[in-house]
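Trainee: Sharing a structure below in structure tokens format, with a few things to ask.
The values are calculated or read from the model by the stated rules, or taken from the named source; none is laboratory data. Since we're looking at a predicted model, the values are computed, not measured. Reconstructed Cβ throughout: ideal geometry from the backbone, glycine too, with neighbour counts over all protein chains shown.
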Amino acid sequence: MKMMHGAGRMMNMSRRMITALILGVILVFPAAFAAQGAEKIGVVDFSKIIQQMPETKKAETTLQATAAPLQKELDRLKQDFEKSVAAYKQQAPTMTKAARDQKEKELNLKGQAVQKYQQDKFGRGGMVDKKEQELIAPIRQKALSAVQAQAQKEGFSLVLDKSVMVYGSQEHDLTAKVMSQLNIK
């Protein structure tokens, strides 16, 4: 279940990156857009395109294969830690203060090790995150190239992601044409 969340994260990250880029350009050059009112502006549902690409499904499978053993190890570490805490709670009343302090220190270190493992493998910049970026980068580039080619073919000077569009005519939506160009049904 957590692995399926990875695909959603890929989509959200792609959508956020495109949105930030588009908004950045619009905010930096507002006068240019106002002066070019006659320019042709299109929209595309970038996340839908990425989600429908066969490469994305392969990337999700690869990411799941990478994350599964790491998740299994994390679950084992957590279970081991919980067992240690339970054993400590059971033994604590009969332990000396020095022994309790020592055991609490050990448990604290063990808990920190579990958190570090989780962060190193699943956190931002962790192994799974890096693998996800490695897998999605060529997919995003392929989709961006297809959007650019379709936009140039049809004379669009600007293409926005649908997620930032407030209103627009369907005739300017390039999503289906880009998906067709990428042989996505």
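Trainee: For residues that are closer than 14 Å to residue 47 by Cα, of a type outside the set (Val, Ile, Thr) and at pLDDT 90 or above, scanning just the stretch 130-172, find the one that is surrounded by the most Cβ atoms within 10 Å (Cβ to Cβ).
Mentor: The selected residue is 143.
Trainee: Looking at (1) within 30 Å of residue 66 (Cβ to Cβ); (2) under 23 Å from the mean Cα position of the chain (by Cα), which is the one condition that is false for residue 183?
Mentor: So residue 183 meets the others, but not (2).
Trainee: Those residues that are more than 30 Å from residue 66 (Cβ to Cβ) and assigned to a strand (DSSP E or B), I need them from the stretch 130-180; list them, please.
Mentor: 158, 159, 160, 173 - these are the residues of the stretch 130-180 that are more than 30 Å from residue 66 (Cβ to Cβ) and assigned to a strand (DSSP E or B).
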